[in-house]
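Worksheet: the structure to be examined is printed underneath.
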Amino acid sequence: MTQSTTLVPVVGTGAAAAMIFNILPVFLGSAAESFDLDESAAGWLATTYLAGFGISSVSAALWLHRLGRKTLALALFFTAACLLILASTMQAYTAVVGTLFAAGLVLGGLYTFSFMLAAEHADATRAVGVKLGGEVALGALLLAIIPTIVYPMFGFSGLLVTLAIVLLAISPCTRWLRAGALPIGSQAISSQAISDGAGPKLFPSAFVLGALFLFTVGQASVWSFVERAGARAGFEAAAIGGVLSVAVLLGGAGSFLAGALSDRWGKVVPLLMAASLYLAAMALFTFGTQYWVYALAINLFFFAWLFALPYFISVIASIDDSGRATSLVTACLAFGSMLGPAIAGELLTLGGFPLLYLSGAICSCAAYACAIAMVRR
């Protein structure tokens, strides 16, 4: 297989597994309207789904190698699709939440699977950048369609069925998977060879993993409620969906740019650039009231997020010769994403959107500072 064809299942599995998170503002907004939820309850809905996602990602290394690649991937695709279709038929809110938790367990395994495939690529840093770009490209398409066509016509149940159809449509990407099972420990996302006898650098690795976790909490908390922020400001649903779609595409461009640049400018300069864009976005969110300001803020926010993420991951990879710390990257992303919506919902209840933006800025700036300090060290 060529390197380009081996990227097909990397992108396909990652995009399918991450699609609910990438459309999370619209997903939560639709659920809130359908079940009459306040911000706190909507935040906990996302946290429940992402809890399943996180639990699965932590345990995935224990069971992902049990089956052959193609059999395993197809089983994950079809199980997740069936769970989403099942949730679409349910009327009770608690039953929907429980079924979404189960879907999170399956899709968390599929997402870890995508990282393990990326780890096997000849240029793992570039593979991660392309993978993230493919994920948000699918998210942008769904954000353009769901608020304008699917939800107005079919409601939240139609949204769930649409996601199931997407899973089934992407599942043929498994034909490009190599034969055999995934080797244990291949989930380490490292562009460096693992040297014989090298041990993990525990403190530096744990320090940057903590920074990645804090970074993800800050991003997920803001991302979860950007749709609600637009709705509270009185913007039309189609306009909000349009700007979210464009922002996700721009985020994909940021991820592809990070993959193309790699370490050409080192790691500190790109991280400082991303931090500056992020702070500008938070200022626009806080003080802007017009639609174009809201749109610019979302675009800057998502671009900075996905441009910085490959660098956070590569910092961990560059200081972890054993690959043990980098195997926890998916867990950091999953559990950070899990906590973000719940924290955001409580912050909105306590102090509204200004408190949310301030808290997100503090978390993210602390994470950037930790990562940059470790690079310089």
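The values are calculated or read from the model by the stated rules, or taken from the named source; none is laboratory data. The shown structure was predicted, so the numbers you read here are calculated from the model rather than taken from an experiment. Don't worry about glycine lacking a Cβ; one is built from the backbone with ideal geometry, like all the others, and counts go over all protein chains shown. The area values use the complete protein model at the heavy-atom level, side chains included, leaving out ligands, DNA and RNA. Shrake-Rupley method; radii C 1.70, N 1.55, O 1.52, S 1.80 Å.
Return yes when S276 is buried (at least 16 other Cβ atoms within 10 Å of the Cβ) and among the small types (G, A, S) and no when it is not. Walk me through how you get there before you give the answer.
Values: buried (at least 16 other Cβ atoms within 10 Å of the Cβ): no; among the small types (G, A, S): yes.
It is false that S276 is buried (at least 16 other Cβ atoms within 10 Å of the Cβ) and among the small types (G, A, S).
In this structure, F225 does not satisfy being touching a helix residue (DSSP H, G or I) at 6+ places or on another chain (Cβ under 9 Å), among the aromatic types (F, W, Y) and either open to solvent by 10 Å² or more (accessible area, probe 1.4 Å) or free of Cβ contacts under 8 Å to residues at least 40 places away in the same chain (or both). Checked against the criterion of being assigned to a helix (DSSP H, G or I) and without any contact (Cβ under 8 Å) to a residue 60 or more places away in the chain, the candidates V128, V150 yield just one match: V150.
Being outside any helix (DSSP H, G or I) and either at pLDDT below 90 or open to solvent by 70 Å² or more (accessible area, probe 1.4 Å) (or both): is that true of P204 here?
no
Does L284 satisfy the condition of being open to solvent by 10 Å² or more (accessible area, probe 1.4 Å), touching a residue at least 24 places away in the same chain (Cβ under 8 Å) and either of a type in the set (A, V, I, L, M) or part of a helix (DSSP H, G or I) (or both)? Please lay out each step first, then the result.
On the way: open to solvent by 10 Å² or more (accessible area, probe 1.4 Å): yes; touching a residue at least 24 places away in the same chain (Cβ under 8 Å): no; either of a type in the set (A, V, I, L, M) or part of a helix (DSSP H, G or I) (or both): yes.
Here the answer is no, as L284 does not meet what is asked.
The condition (being closer than 19 Å to A60 by Cα and surrounded by 22 or more Cβ atoms within 10 Å (Cβ to Cβ)) is satisfied by just one residue among A73, A102, A127, A87: A73. Applying a threshold of 6 Å to beta carbon distances and a minimum spacing of six or more residues, or different chains, the list of pairs starting in the range 355-377 at a residue that is over 19 Å from P310 (Cβ atoms) and in a helix (DSSP H, G or I) and ending at one that is charged (D, E, K, R) and open to solvent by 20 Å² or more (accessible area, probe 1.4 Å) is empty. Close Cβ contacts (under 6 Å, 6 or more residues apart or on different chains) running from residues in the range 77-96 that are closer than 15 Å to S171 by Cα and among the small types (G, A, S) to residues that are open to solvent by 10 Å² or more (accessible area, probe 1.4 Å) and in a helix (DSSP H, G or I) comprise A80/V106; A81/L168.
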